[in-house]
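**Q** Quick one: the structure is below, and I'll ask about it shortly.
The values are calculated or read from the model by the stated rules, or taken from the named source; none is laboratory data. The structure presented is a predicted model; accordingly, all values stated were derived computationally and were not measured. Cβ atoms come from the backbone with ideal geometry, glycine included; neighbour counts cover every protein chain shown. Note: accessible area is taken over every heavy atom of the protein model, side chains too, but ligands, DNA and RNA are not part of it. Shrake-Rupley method; radii C 1.70, N 1.55, O 1.52, S 1.80 Å.
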Amino acid sequence: MSLEDQSAQLPGPPSADPILSAGLGIAAQWGEALGGPEKLQVALKALEPQLRREHELSKLRLERQEADAARKAAAEEAEAQRRAHAVEMEKEREAREQTAARNHKHQMRLLHSAVALSVLMLGGGLYAMPTNSWIAGALCGPSLLSLLRIFVLRRSTDADVREAGRSARGAGNALPPI
């Protein structure tokens, strides 16, 4: 039986909505099959608990889908935060590497300067040795060693500084040969 046939059998004006007409047709068929509206009402009352269970199951499925979507969103958010943290850590590492490279260049410049100054002091001391022994002593003595220790080893003590000063004073107090 088609929908048109079912709607033609229904009493009352035909409905413009074919779904509603089909639903009314099915209800009419149930009424005829069960033998009247009283039995249809009993059948619908018996069907109601099953419909409630199905409705509850549908609600649980929807809640589960929402929970799954929330978990997925939370996992994506956590992944995005992890990636952002990794990018931040990478930037910090690059900044540390750049700082280390700058420090290394600075230390190398200091070392080259110290070596050049030491060579110049030694050369000046050797040049002044025949005529001014006290200048040669000041340039090649403990001041040269303390200068090397300060710049090359990058450490000095008060004793080094006092020794360099005493050496310079001693060389300055020496009388040139007459």
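**Q** For D158, what accessible surface area do you get with a 1.4 Å probe? Give it in Å², rounded to 10.
**A** 110 Å²
**Q** Using a basic spin-label model with each label point 7 Å from the Cα along Cα→Cβ, how many nm lie between A84 and T157?
**A** Distance between label points: 5.4 nm.
**Q** Counting only the heavy atoms of the protein chains, how much of E66 is accessible to a 1.4 Å probe, in Å² to the nearest 10?
**A** Roughly 130 Å² of E66 is accessible to a 1.4 Å probe.
**Q** Also, quick follow-up: Give the calculated FRET efficiency between L34 and E66 to the nearest 0.05, with a Förster radius of 41 Å applied to their Cβ-Cβ distance.
**A** On the way: r = 40 Å, r/R0 = 0.97.
The computed FRET efficiency comes out at 0.55.
**Q** Right, here's the next one. Over the range 96-170, what relative contact order in percent results from Cα pairs under 8 Å that are six or more residues apart?
**A** In percent, rounded to a whole number, it is 27.
**Q** Okay, moving on. For M129, M108, M121, write out the residues from largest to smallest accessible area, computed with a 1.4 angstrom probe and no ligands counted.
**A** Listed by decreasing accessible area, they come as M129, M108, M121.
**Q** Another question, then. For an R0 of 35 angstrom, estimate the FRET efficiency from the Cβ-Cβ distance between A75 and A100 and round to the nearest 0.05.
**A** Approximately 0.40, to the nearest 0.05.
**Q** Sticking with this one: Farthest toward the dipole's positive end in the range 17-115, which of L44, A84, H112, given Cβ charges of +1 (Lys, Arg) and -1 (Asp, Glu) about the Cα centre?
**A** H112
**Q** Compute, for the range 64-150, the length of the dipole vector about the Cα centre, with Cβ point charges of +1 (Lys, Arg) and -1 (Asp, Glu) only. Units Debye, rounded to 20. Before the final figure, lay out the partial values.
**A** Working: 12 positive and 10 negative charges, 76 e Å.
In total the dipole reaches around 360 debye.
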